[in-house]
Structure formats: structure tokens, C-alpha cells
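Novice: Pasting in a structure now, in C-alpha cells, and then I'll have a few things to ask.
Where a number appears in this text, it was derived from the coordinates with a stated rule and is not lab data. Because the structure is predicted, anything quoted here is derived from the model rather than measured. Cβ: placed from backbone, ideal geometry, glycine included. Neighbour counts: every protein chain shown.
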Amino acid sequence: MRFRNALPLLLAQILVVLINACAPRIQDPGPRADTPMPPSLTDIHFIATDGTQLPLRRWLPSTTPHTVIVTLHGFNDYSNAFAEIGPQLAENGIATLAYDQRGFGASGQAGIWPGVDQLRADARDAVHAARDAYPDAKVYALGESMGGAVLMSAWAETPLDVDGLILVAPAVWGRELMPFYQTMSLWLFAHTVPWMQLTGQGIKRNPSDNLEMLHALGRDPLVIKNTRVDALWGIINLMDQALDAAHAFDAPAFLLFGANDDIVPPEASRRMLARLPPAPARVRRIAVYDAGYHMLLRDLQSDLVLRDILSWVEHPARALPSGADTHEPEGRLSHRMN
């Protein structure tokens with residue numbers, strides 16, 4: 001009888017031990033974590049303060065750039081995400097710096113989640129390195145999807161040393177908008193079988209109307225196809241923080257959304273927008289593209305989006321050439337529900 005009474009407690013203790021032994025994995029910091037160094041840029045690397053070298057792509061104008069844009073890609077993507085817009089920005093005197101965020105692309109330990117704190121620190125380091133490399137240029141940071149969430153979260157921690165932020169379909173799908181069974185299942189898997197990989201097969205989503213581009217991503221070995229469960233746990237933690245950051249998000253910013261985005265649910269984007277503190281259009285501009293999807297910078301109408309970005313960088317107080325800016329973005333995002 002005593003054994004039967006003690007059995008539930010014993011099983012609970014065993015479960016706790018197993019969960020602790022199988023906690024979500026986070027990347028180790030770089031070799032200079034204990035002796036930080038100034039962040040820097042080389043032709044092929046962005047070197048963070050902990051000494052980690054992250055692959056870097058540059059698209060530079062033929063003359064000294066008047067503006068530099070530091071770009072952060074989305075989840076499971078890498079710096080090649082900006083290969084379309086980089087040369088076009090260079091033609092307009094703007095330098096584009098794109099690095100593979102830790103855990104993605106050709107960075108070390110690809111597929112292993114680096115942790116939200118490290119992603120934020122890298123973004124801050126990249127901006128500082130760009131300021132040092134181009135002291136006379138304006139510096140902006142552009143984040144696509146996960147990259148946008150990193151920038152929002154980083155700004156909430158301490159405002160970045162930038163002239164403005166460009167957030168393209170920021171990933172703000174926090175837990176408060178997810179069904180409990182989804183978050184509970186993910187917690188259980190992340191803390192018991194964190195190495196388990198998911199492919200996303202069978203999930204019907206259209207991230208873009210550019211099918212040729214999507215097929216190319218499917219063939220690209222640097223785009224992660226099999227995602228560890230603990231990495232999914234990590235990106236949800238980041239999205240939680242990005243959504244929470246909206247309350248105090250006072251950065252000069254241009255926020256872009258596709259009305260057909262079915263990667264970030266419209267309710268998540270609407271909730272984030274509703275939480276933003278008031279700001280005049282010259283400080284914050286919001287655009288919703290009726291024909292746009294999640295991957296606005298690579299959609300078939302990407303030229304339209306790029307023209308708006310160029311316009312906002314040069315003249316933030318002006319209305320956008322496309323007319324996609326609106327005072328009621330929530331309504332423009334409400335016609336489609338996941």
C-alpha cells in the first residue's frame with residue numbers, strides 16, 4: 001500500500017529529472033564571451049562582441065553610401081533573403097548589409113536556437129559595426145518576419161542606435177493568440193524530445209505569390225527544412241516578447257504588411273498595431289499591401305514595396321508612392337482570417 005501511495009510521487013520526480021535532462025538547447029556563446037571585443041565588419045563576416053563570425057553579404061553603391069541598411073532575415077532563412085533588393089538599393093546610393101543570424105544559413109550550429117538575448121545582442125552589435133564602418137551615413141535596421149521581432153524586442157530592451165526601423169511582416173504571433181493545446185504540446189515536446197524535427201509538410205500556407213522564388217528556396221541547402229522542436233519553442237518566445245514590446249514601441253519606424261499574409265495571423269498583427277503608442281505619420285508609417293503576402297520583399301510586387309521603402313528612407317513625412325499607407329491598418333488586415 002505504501003508503494004502504491006508513493007508511486008505517483010516517484011513518477012513525478014522521474015518526469016522532472018527527464019524534463020531537466022532534455023531541456024531546450026541553446027547555442028553556446030562565442031570564444032570572447034568573457035572578454036568582449038568591439039563588433040566589426042569584414043568583407044565576408046560580421047564579427048560580434050563575443051568573437052563569433054557570422055557570414056555577411058554586402059551590396060554596395062559605386063560611390064560612398066549616404067545610407068546603410070542592416071538587414072535581419074526571417075526564421076529558417078538566411079542573408080540571401082535580400083539578394084533581390086540589395087542591388088536595387090545600391091543603385092540608389094544605399095548600402096545593404098545582411099548577415100546570417102546565429103543558428104541559420106552558413107553560421108555555426110545551424111538549426112540550433114541561439115536564444116532571444118543573443119539575437120538581440122547581435123542586432124545591436126551589427127548596428128554599432130555599421131556606424132563605425134560608415135560614420136557619415138544614416139543607418140537603418142530592416143527586419144523581415146523573425147528579424148522584425150528581433151528588432152522590436154531589442155528596442156524594448158534599449159533603443160537601437162539607428163535613424164529608423166523597417167519592419168516587414170514582423171513575427172508577433174504570441175502565445176496569447178494560440179490555442180492552449182498547441183502551446184502545451186510544444187512545451188512538452190521542447191522539454192522532452194527537443195531534438196525532434198518537424199518538416200511542416202501538410203500545412204497549407206502561401207508565404208508568397210512568387211512561386212519561382214519559393215521553388216528556389218526549396219532547393220537551397222542553406223534554407224532549413226527540418227526544424228527542431230526547441231527552435232520552434234524559441235521563436236515563439238521571441239514572438240511573445242515582440243508582441244509585448246508593442247506597448248512601448250516608440251521607434252521611428254516603417255511597418256509593412258501583406259493583406260494576404262497567412263504565416264503571421266492577421267489577428268496577431270492587428271493586436272500589435274492596436275497596442276502601439278500614438279505617433280504622427282512622420283515618426284511611424286504603416287502600409288498594408290492588398291496584393292501582398294508574408295514575403296513582401298520577394299513577392300511579385302516587390303518593386304512596389306521597394307519604392308515605398310526608398311521613399312520613406314528619404315522622406316519619412318511624405319505619403320508613400322503606392323498609396324499603401326493608411327490610418328486604419330487594422331481594417332485592411334481584417335478581410336482574411338486564418
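Novice: Contour minus end-to-end for A281 and S40, with contour as 0.36 nm per residue of separation and end-to-end as the Cα-Cα distance? Kindly include the intermediate steps, with their values, before the conclusion.
Specialist: Values: separation 241, 0.36 × 241 = 86.76 nm, distance 3.40 nm.
Extra length from A281 to S40 when fully extended: 83.4 nm.
Novice: With contacts defined as alpha carbon pairs under 8 Å and 6 or more residues apart, what's the relative contact order of the chain in percent?
Specialist: Working: 683 pairs, mean separation 53.6, N = 338.
With pairs under 8 Å counted, the relative contact order is 16 percent.
Novice: OK, next. Taking the Cα atoms of the stretch 85-212, report the difference between the largest and smallest coordinate on each principal axis, in whole Å and largest first.
Specialist: Result, largest extent first: 51, 37, 30 Å.
Novice: While we're here: Near P159, within a Cβ-to-Cβ distance under 13 Å, what is the net charge of the other residues, with Lys and Arg +1 and Asp and Glu -1? Mind showing how you got there, number by number?
Specialist: Numbers: positive: R120, R124; negative: E157, D161, D163, D250.
Once positives and negatives cancel, what remains is -2.
Novice: Please give the FRET efficiency for A274 paired with Q201, using the beta carbon to beta carbon distance and R0 = 35 Å, rounded to the nearest 0.05. It would help to have the intermediate numbers written out before the result.
Specialist: On the way: r = 34 Å, r/R0 = 0.98.
In this case the efficiency is close to 0.55.
Novice: Then there's this: Can you pull the one-decimal nm distance between simple spin-label points at H215 and H315, each 7 Å off the Cα toward Cβ?
Specialist: 4.0 nm
Novice: What percentage of all Cα-Cα pairs in the chain are separated by more than 36 Å?
Specialist: Details: 10784 of 56953 pairs.
Distances greater than 36 Å cover 19 percent of the Cα pairs.
Novice: Find, among the trypsin sites (Lys or Arg not before Pro) in the stretch 249-338, those assigned to loop by DSSP (not H, G, I, E, B) with at most 16 other beta-carbon atoms within 10 angstrom. Walk me through the intermediate numbers first.
Specialist: Values: sites: R270, R271, R275, R282, R284, R285, R298, R307, R318, R332, R336; in loops: R282, R298, R318, R336.
Here the sparse-neighbourhood loop sites are R282, R318, R336.
Novice: For D262 paired with D132, estimate the spin-label separation in nm (one decimal), with each label point 7 Å from Cα along the Cα-to-Cβ line.
Specialist: Here the answer is 4.6 nm between the modelled labels.
Novice: Can you compute 3J(HN,Hα) from phi for each residue in the stretch 72-79, using the Karplus curve 6.51 cos²θ - 1.76 cosθ + 1.60 with θ = phi - 60°, rounded to whole Hz and x for Gly and Pro?
Specialist: 10, 7, x, 4, 6, 9, 7, 4
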